[in-house]
Amino acid sequence: MSEKPDADYTAEVDTLLPQLEREVREGSLQGALELVAPLEKRARSGSDLLSTTRLLLVSVLMIRTTPDAEHTDVKLLCDTIIAYSKKHGQLKQAITRMVQLAMRFLQAPAAADAKVPASIYATVPKDLFEEAAPAAEAMDTEEKPSDAKDASATDEKAGREDGRITALLQQARAVGDRGLSDAQRLQLIETLREVTEGKVFVEVERARVSRMMSDLLYAQGDVNRAADVLQDLAVETFGSLERREKVEFILEQMRLNMERGDFHRVNMFSRKINTKFFEDEAQQDLKLLYYELMIRAGMHDRKHLDVSKYYREVLNTPSIRADAAKTEDALRNVILFLILAPYDNEQSDLMSRIEAHERLDTVPEHKSLLKCFTTPELMRWPGIEALYGEMLRSTPVFAGSDAAEARWKELHARVVEHNIQVVAKYYTKIRLERLAQLLDLTPAEAEEALADLVVKRAIHARIDRPAKLVDFEARLSDAEVLNHWSSDMGKLLRTVEKVSHLVEKEWAIQRAGLVVRANE
């Protein structure tokens with residue numbers, strides 16, 4: 001919160017501007033800066049934020065445009081920015097405006113408002129950009145209580161941005177990065193990063209300057225330094241940064257770390273993004289970029305089930321659903337990575353959901369392949385290769401790289417796993433040679449595949465190696481044996497009780513008949 005100014009140096013600043021212009025025209029830039037120093041000190045000491053900010057901005061602009069924008073003394077510019085930021089008792093808002101103005105020298109030039117004078121030394125009215133208020137609002141203003149008028153005046157003296165500050169910022173935008181080489185831009189960026197380091201009130205400016213530096217280093221081919229610049233920026237904690245901009249920063253952090261092969265940090269940064277943010281249709285572009293990066297990370301880590309779920313999120317994006325070709329491509333990838341995923345309850349459930357998808361008929365071959373994995377019947381690997389091999393080998397998932405070849409071998413492993421589960425469902429015991437024959441493998445390969453599933457607890461099996469016999473029947477635990485025995489005993493006792501009741505019933509009927517005959 002700004003302190004109440006002890007003095008108002010607006011008139012002194014207006015008087016100083018023509019003197020600065022004269023000094024600069026005479027070629028004495030250093031003399032002009034020396035004229036600014038005493039007045040800047042008095043304004044700073046008097047907490048006059050508006051005057052202090054104007055003096056800082058004019059000084060920076062003066063250096064940038066002297067002798068012209070193409071021949072700026074960048075070292076003097078950087079030294080001046082650092083010196084002003086380190087002044088004792090320097091006002092935070094003044095530093096913020098100075099940094100914002102210097103950042104405009106890193107952007108492409110843009111035309112200033114027509115109201116803004118060309119000269120930075122021109123005197124600008126404070127209400128330059130204010131629209132004429134309607135008559136009713138004017139009457140309300142006139143009827144304001146004296147307390148409100150005093151508060152308004154205090155806000156203006158405290159440095160609330162008015163036409164004079166806005167005009168200087170627009171003049172800096174008109175200058176832009178004209179005449180600056182990449183090395184000079186990098187020097188200015190490093191200066192701004194030094195000025196903003198450790199200052200919470202310019203955390204947003206620091207983040208944006210760091211992004212500029214990262215982009216510049218990346219354009220020069222230095223990916224490692226570009227990633228390091230953004231590495232320590234915890235933008236998710238910046239309250240004054242818009243949510244979309246935060247996500248853009250995190251996505252850039254993910255992309256740069258992915259390019260240098262640091263997938264551990266990619267996964268770490270990805271957890272900083274709440275995917276509920278992508279439910280807004282206005283954020284579809286960021287959603288697709290996020291899942292593109294996550295798909296690449298998942299494929300690198302061979303997490304096929306995660307990749308399938310990422311493609312499913314892409315499939316549910318409105319812009320993708322509106323394009324038939326993109327929808328079919330996403331659906332194909334959902335199916336392919338789903339069948340590559342090891343069997344578990346989640347994978348089985350997702351298979352059932354995809355099998356019920358309304359657009360599955362648009363990819364009939366993939367639908368048929370998915371059906372093979374959801375039907376409890378044996379699949380012959382030679383038959384799968386013959387039916388689907390050409391189609392699958394034409395996709396980037398199974399062709400064009402070493403990773404694709406590894407995925408093709410994993411598909412074979414998934415077919416074998418499916419067949420073992422089918423065998424376990426229909427057999428309690430089977431000879432190893434017969435099992436290998438059903439799996440189209442050698443006995444050693446069949447034993448290895450079976451052992452792998454047992455280790456993963458996907459099935460239960462025991463191998464009698466001397467007898468070459470596989471037993472799929474699970475051995476009951478002591479508790480389960482007792483439960484079965486208790487159940488059998490309960491059933492026996494209920495049967496004995498029922499028989500006893502029927503016997504008593506027959507005896508009763510018999511005795512009733514004897515009594516009737518005796519009475520007759």
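For the full complex of protein chains and a 1.4 angstrom probe, list Ser319, Ser51 by accessible area with the highest value first.
Reading off the accessible areas and sorting them downward yields Ser319, Ser51.
Between Ala7 and Asp48, the built amide H atoms are under 5 Å apart, and every one of these is 5 or more places off in sequence or on another chain.
Phi-derived couplings, Karplus 6.51 cos²θ - 1.76 cosθ + 1.60 at θ = phi - 60°, listed residue by residue for the stretch 67-72: x, 7, 5, 7, 10, 7 Hz, with x used for Gly and Pro.
Sorted largest first by accessible area at a 1.4 angstrom probe radius, with every protein chain in place, the residues Tyr388, Tyr427, Tyr343 fall in the order Tyr343, Tyr427, Tyr388.
Our Cα-only numbers for the stretch 1-111 put the radius of gyration and Dmax at 13.8, 41 Å. Annotation: amide H of Arg431 within the under-5 Å range of Val470, sequence separation 5 or more or interchain, hydrogens built in the peptide plane. Here the stretch 158-251 is treated as a Stokes sphere of Kirkwood radius computed over C-alpha pairs; at 10 °C and 1.306 mPa s its diffusion coefficient rounds to 107 µm²/s.
Taken per residue, the accessible surface of the stretch 1-132 reaches 49 Å², heavy atoms only and a 1.4 Å probe. Treating each Cα of the stretch 1-53 as an identical point scatterer and summing with the Debye formula, the log10 of I(q)/I(0) at q = 0.16, 0.18, 0.20, 0.27 Å⁻¹ comes to -0.48, -0.58, -0.67, -0.98.
Grouping the Cα pair distances of the stretch 260-353 into 5 Å bins from zero gives a pair-distance distribution of 2, 13, 23, 22, 21, 14, 4, 0 percent in increasing distance order. Measuring nothing but protein heavy atoms, the accessible surface of the chain at 1.4 Å probe radius is 51 percent carbon and sulfur. Relative contact order for the chain: 8 percent, from Cα pairs under 8 Å spaced at least 6 residues apart, divided by residue count. Local charge for Ala174 was computed over the other residues whose Cβ lies under 15 Å away, with Lys and Arg +1 and Asp and Glu -1, and equals +1.
Can you pick out the pairs among Lys272/Lys309; Lys276/Lys303; Lys367/Lys409; Lys287/Lys409; Lys41/Lys126 whose Cα atoms lie more than 24 Å from each other?
Lys287/Lys409
At 7 Å along Cα-to-Cβ for each site, give me the label-to-label distance between Thr375 and Arg511 in nm. Taking the two extended label points, one gets 6.6 nm.
Here the 3J(HN,Hα) profile of the stretch 414-419, calculated from phi with Karplus coefficients 6.51, -1.76 and 1.60 at θ = phi - 60°, is 5, 5, 4, 4, 4, 5 Hz, Gly and Pro shown as x. Backbone geometry of the stretch 211-220 corresponds, through the Karplus equation with coefficients 6.51, -1.76 and 1.60 at θ = phi - 60°, to 3J(HN,Hα) couplings of 5, 4, 5, 4, 4, 5, 5, 5, 5, 7 Hz, x marking Gly and Pro.
Remark: accessible surface ordering of His357, His366 (largest first) is His357, His366, probe radius 1.4 Å. In the set (i) 20, 44, 28, 7, 1; (ii) 16, 30, 22, 17, 10, 3, 1, 0; (iii) 21, 51, 26, 2, 0, the label that goes with P(r) over Cα pairs in 20 Å bins from 0, in percent computed for this structure is (ii). In terms of the mean number of neighbouring beta-carbon atoms within 10 Å, the peptides 52-64, 109-121 order highest first as 52-64, 109-121.
The values are calculated or read from the model by the stated rules, or taken from the named source; none is laboratory data. No experiment lies behind these values; they were computed from the predicted model shown. Cβ sites come from the backbone with ideal geometry, for glycine too, and all protein chains shown count toward neighbours. Please note that ligands, DNA and RNA were not included when accessible areas were found on the heavy atoms of the full protein model with its side chains. Shrake-Rupley method; radii C 1.70, N 1.55, O 1.52, S 1.80 Å.
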